[in-house]
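Q: Below: one structure in structure tokens.
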Amino acid sequence: MKKLSYDVENIQHTQIPIGELFEVFPEGRKLCKAIIKDYKENIRVVQDTRQKIVEKVYKTEKDIYQREIWTDILIGCVIDFPIQWYEFNISRLNRILALNKKIKGPGHAVKIEDVKQVPISNFLEINQAGFARCIWHNEKTGSLKYYPKDNRVHCFGCGKSGDVIDVVQQINNCSLSEAIRLIK
């Protein structure tokens, strides 16, 4: 089977409303189509394996009853579950693609890399030493260190870190897509 070179879990568990997915990640449509193509190829490979298992069982096992048992065990456990998993996820990805075709966005795509370049200092009051009060917990003195070179923050009090998107999401208690709109 072909090894997938992308993180399917991040696509499936995104916090972006499905209707806005390709507005925020314009490359997502191409990625979804690539995943669907790979899944269909994997189904074909699994089905070929299924046929080989059946042929092997019928060649090696002479007892008809034993043939049926081994075929059921091997096909049911090894083959049918992966095919059902691939078919389910192909269906999910096709629904995402179809849903996003129907929804009209603002007509411009946003690249996450561009959004992450906006300085965090635009959203936090940072002192001369590069510290601000933490946005994740209450404190009197600032323990949130701003690293302008990386455009990231790290709190030495609670241990949380983040980029400009994380900061805006926390400050405004909003979703990823809303934070991106506020930043740009």
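Q: Failed condition for LYS149, given (1) at pLDDT below 90; (2) assigned to a loop (DSSP other than H, G, I, E, B), with all others met?
A: Here LYS149 meets the rest and fails (1).
Quick grid of which residues meet (1) in contact with a strand residue (DSSP E or B) (Cβ under 6 Å, 6 or more places away or on another chain); (2) modelled with pLDDT of 80 or more; (3) assigned to a helix (DSSP H, G or I):
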site: GLU9; (1), (2), (3): no, no, yes
site: THR14; (1), (2), (3): no, no, no
site: GLY19; (1), (2), (3): no, no, yes
site: LYS33; (1), (2), (3): no, yes, yes
site: GLU41; (1), (2), (3): no, yes, yes
site: VAL46; (1), (2), (3): no, yes, yes
site: TYR58; (1), (2), (3): no, yes, yes
site: GLN66; (1), (2), (3): no, yes, yes
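Q: Could you tell me which of the residues ILE165, ILE126, ILE171 is in a loop (DSSP other than H, G, I, E, B), among the β-branched types (Val, Ile, Thr) and surrounded by 13 or more Cβ atoms within 10 Å (Cβ to Cβ)? Lay out the reasoning, then the answer.
A: Details: ILE165 fails: in a loop (DSSP other than H, G, I, E, B); ILE171 fails: in a loop (DSSP other than H, G, I, E, B).
When all the criteria are applied, what remains is ILE126.
Q: Cβ-Cβ below 8 Å, separation at least six or inter-chain, first residue in the stretch 105-131 and farther than 15 Å from LYS149 by Cβ, second modelled with pLDDT of 85 or more and of a type in the set (D, E, K, R): which pairs?
A: GLU125/ARG133; PHE131/LYS145
The values are calculated or read from the model by the stated rules, or taken from the named source; none is laboratory data. For clarity, every value in this text was computed on a predicted model and none was experimentally measured. Note that each Cβ is placed from the backbone with ideal geometry, even for glycine, and that neighbours are counted across all protein chains shown.
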